[in-house]
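Heads up: the structure comes next, in structure tokens.
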Amino acid sequence: MAQASSFKQVSDVSWEIPTTYKQGMRVPARIYATRKLLEAMDNGVIEQVTNVACLPGIVRYAYAMADAHWGYGFPIGGVAAFDVEKGVISPGGIGFDVNCGMRLIRTNLRYSEVKPKIKELVDLIFNLVPAGVGVKGFQNFAQGQMGDITSLGVKWCAEHDLAWDDDPAHVEEGGYIKGADISKVSRQAMSRGVSQFGTLGSGNHYLEIQVVDPARFFDPDLAKGFGIVHDDQVVVMIHCGSRGFGHQICTDYLRNFESSMRRYDIQVRDRDLACLPFDSREAKDYYSAMVCAANFAFVNRQIIVNRVREAFSKVFHRDAESLDMHLIYDVCHNIAKVERHSYEGFNGELLVHRKGATRSFGPGHPDIPAPYREVGQPVIIGGSMETGSYLLVGTKKAMEETFGSTAHGSGRTMSRTAAKREVRGAELQKKMLDRGIYVKAATMDGLAEEAGMAYKDISEVVETMDRAGISRKVVALRPVGNIKG
Amino acid sequence: MPFRYLPDVALADVAFEAESDSIDGLFETCALAVTDVMVDPKTLKGGTAKNFSLEAQDLDRLLYDFLTELIISKDVDSLLFREYSVKVDPGGRSLTAQARGDAIDRERHSLRNDVKAVTMHLFGVSQVGPRWKATVVLDI
């Protein structure tokens, strides 16, 4: 575990590791955490964030957010920005699940209306949204359409009557990132993408029906702007990404990057930190393929939202429009994007990697959809299925301090193997039902691995980011129904 | 068990260490570990066979590619395997293998985790005395 006394304390919730910590560090590392969270962080985070600080062209800091935990290459909960001319891009700094992200949909239903039908609702969604190991998705939709899906993202959905008019504007980047090139994607990635189109996945991916927690309704005025007006309002949260399509693209390019690094005389401390100059041909090819996966993920979440709207409509005998099932927002938390930032006299484009970290753009930013622009970008932080989640908002301080970035979840403190030793899936399912959370899981083993005790206290993570001023709490969301892949 | 999980490595993922007295056996053991992460192998019957033929620049890469092929088979062909027979060529740069397993059936198979990918984190094959060893971290 990390020792707080080894680091320079910057504030009550931020710490710095100087470049003298490790040979080759080009910038210091910055960790956001309370003393308690820092001391609970595994040493893998410290090793990994300081390894990231050694990468060519990194600017300002290598960051670890309050939810950081040991990943591969970059820590999960890591942010790093690179000079677009002298810096690198690293597939391991984005992750295998390209554009894994969160979606939040509101309803105008109150919990008292949903509670008697929660089992029916969750069971129906479980049947409509494919989840779990090796499950097939909506292959007929995707077959022959992958070029358009991956270049147009949610715009493709809008063109095919698979999105509401206001859906694309409520997705990060408007639901599609420019620069996709399907010719840079392997045949294996295409096959995996087609077969898993519209699926939830497994691991920590979930679909959750949640209720506003009246005791933690922090900013009702701001919440109103996001369409959350009641203190027992029901919302739906979706956590998933680009499925096998993105996983294979990352696999393919990690392999290419590792062998190409020699040509650019780049050495890294971990094979999963393989990286290449962003302006190299190989890096451009990866970026074009990675953008394909990012756009695929936006569409994947959209297809799932359509099934959720269909399920609510069937159960409540009203169309989804009359249930006000609008998208509040969709955020990426595994991505690299070229963004414009200013710091210490610099004003220009940077390549920002966020791996298990969320964009947190503050008020007035032109990339925020018009209805939210004055208040800031919605930030969706998903917790464990037992402890609930949070809606926050981006801040100006995040723009100044972290390249507009914050945490993404609660972060694990216990391995999957250890969690399974502690609790059995069926026992956990019953315990959760007793607490008013109806869970439908594709596998009982997978359920046990995602038990709340395997994660950090999400409230402490969120409180840390709020106190640091890089995202601000709006409302806490309590789970009442959960679908686990 | 010829492989053991490493619960203190990469908390969100699954790490394992495998060993064998032969390189063929090491590849087979690693493949069994990947299966074990995805499904209880005892619930598979092994009625369907799939053949693999791979080439790579070195032994590490050959194992990485072989395990990746198993993940692709799970996603594209919906196949999970319980038995493996692997023959690595003497140079360690190519292999032929046969895997036997079943098409995924949620009712019959006790499914576990959907492996996304084999990571390069801590990945490696080594020979310690007469034993071959490998460390693998799977992204979940």
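Surface composition of region B:3-139: carbon and sulfur make up 46 percent of the accessible area, probe 1.4 Å. Summed over both chains, the area buried between A and B is near 3600 Å², taken from the accessible surface of protein heavy atoms with a 1.4 Å probe. Here's how it looks for B:ARG112: its modeled amide H is under 5 Å from those of B:VAL39, B:ASP40, which are all 5 or more places away or on a different chain. In this structure, the amide hydrogen of A:VAL474, modeled 1.01 Å from its nitrogen in the peptide plane, lies closer than 5 angstrom to those of A:LEU391, A:LEU392, A:VAL393, counting only residues at least 5 positions away or on a different chain. Its Cα centre serving as origin, region A:289-338 has a Cβ charge dipole (Lys and Arg +1, Asp and Glu -1) of approximately 160 debye. The ellipsoid that matches the Cα gyration tensor of region A:51-149 has semi-axes, each √(5λ) in whole angstrom, of 38, 21, 13, with the longest given first. Could you check how many percent of all C-alpha pairs in region B:3-139 are farther apart than 19 Å? So the pairs more than 19 Å apart make up 46 percent of the total in region B:3-139. Return the loop-located trypsin sites (Lys or Arg not before Pro) in region A:58-145 (DSSP other than H, G, I, E, B) with at most 14 other Cβ atoms within 10 Å of their own Cβ; answer none if there are none. Within region A:58-145, the qualifying trypsin sites (Lys or Arg not before Pro) (loop, at most 14 other Cβ atoms within 10 Å) are A:LYS86.
Taking all Cα pairs closer than 8 Å and separated by 6 or more residues, the relative contact order of region B:3-139 comes to 33 percent. In terms of its Cα atoms, region A:150-247 spans 51, 30, 22 Å along the principal axes, sorted from long to short. Could you give the angle, 0 to 90 degrees to the nearest 10, between helix A:118-128's Cα long axis and the longest principal axis of the Cα atoms of chain A? The answer is roughly 60 degrees. When chain B is described by a simple charge dipole with +1 on each Lys and Arg Cβ and -1 on each Asp and Glu Cβ, the residue from B:ILE71, B:SER85, B:VAL34 located farthest towards its positive end is B:SER85. The 3J(HN,Hα) values that the Karplus relation (6.51, -1.76, 1.60; θ = phi - 60°) gives for region A:201-218 are, in residue order, x, 9, x, 8, 7, 7, 10, 10, 9, 10, 10, 4, 8, x, 6, 10, 9, 5 Hz. Gly and Pro appear as x.
Phi angles of region A:367-380 translate, via the Karplus equation with coefficients 6.51, -1.76, 1.60 and θ = phi - 60°, into HN-Hα couplings of 7, 8, x, 3, x, 9, 4, 5, 9, x, 7, x, 10, 10 Hz per residue; Gly and Pro are given as x. Here chain A has 48 percent of its accessible surface on carbon and sulfur atoms, given a 1.4 Å probe and all protein chains in place. Between the Cα long axis of helix A:458-468 and the first principal axis of chain A there is an angle of about 50°, rounded to the nearest 10. Across the protein assembly as shown, Cα-Cα distances exceeding 48 Å account for 7% of all pairs. Normalised by the number of residues in chain A, the average gap of Cα pairs under 8 Å and 6 or more apart makes the relative contact order 22 percent.
3J(HN,Hα) along region A:34-49: 6, 4, 5, 5, 4, 6, 8, 5, 6, 4, x, 4, 5, 4, 6, 5 Hz, from the Karplus curve 6.51 cos²θ - 1.76 cosθ + 1.60 with θ = phi - 60°, whole Hz, x for Gly and Pro. Straight-line reach only, C-alpha to C-alpha below 21 angstrom: list the lysines that A:LYS337 could link to, leaving out same-chain residues fewer than 8 apart. Excluding near neighbours in sequence, the set is A:LYS86, A:LYS155, A:LYS178, A:LYS184, A:LYS284, A:LYS355, A:LYS396, A:LYS397. Comparing the full protein assembly with the isolated chain (1.4 Å probe, heavy atoms, ligands and nucleic acids excluded), the residues of region B:1-47 losing at least 40 square angstrom of accessible area are B:PRO7, B:LEU11, B:ALA12. For chain A, which span is the longest to avoid every loop-located (per DSSP) member of GluC sites (Glu not before Pro) having at most 10 other Cβ atoms inside 10 Å? With a cap of 10 other Cβ atoms within 10 Å, the longest stretch comes to A:1-343.
Compute, for chain B, the length of the dipole vector about the Cα centre, with Cβ point charges of +1 (Lys, Arg) and -1 (Asp, Glu) only. Units Debye, rounded to 20. Spell out each step's value before the answer.
Details: 16 positive and 23 negative charges, 59 e Å.
Dipole about the Cα centre, nearest 20: 280 debye.
Charging the Cβ of each Asp and Glu at -1 and of each Lys and Arg at +1, and nothing else, the dipole of the protein assembly as shown about its Cα centre rounds to 520 debye. Calculated accessible area for the protein assembly as shown comes out at 34 Å² per residue, all protein chains present (probe 1.4 Å; ligands, DNA, RNA ignored). Compute the long axis of helix A:281-316 from its Cα atoms, compare it with the longest principal axis of the Cα atoms of chain A, and write down the angle in degrees, 0 to 90, nearest 10. Tilt of helix A:281-316: around 20 degrees. DSSP beta bridges fully contained in chain A are about 90 percent antiparallel.
According to the Cα-based calculation, Rg over Rh for region A:184-315 is 1.14, with Rh computed by the Kirkwood formula. For A:GLY132, the residues whose modelled amide H falls within less than 5 Å of its own, excluding neighbours fewer than 5 places apart on the same chain, are A:LEU200, A:GLY201, A:SER202.
The values are calculated or read from the model by the stated rules, or taken from the named source; none is laboratory data. Every value quoted in this text rests on a predicted model; they were computed, and no experiment measured them. Here Cβ is always computed from backbone atoms with ideal geometry, including for glycine, and neighbour counts include all displayed protein chains. Heavy atoms of the whole protein, side chains included, go into the accessibility calculation; ligands, DNA and RNA do not. Shrake-Rupley method; radii C 1.70, N 1.55, O 1.52, S 1.80 Å.
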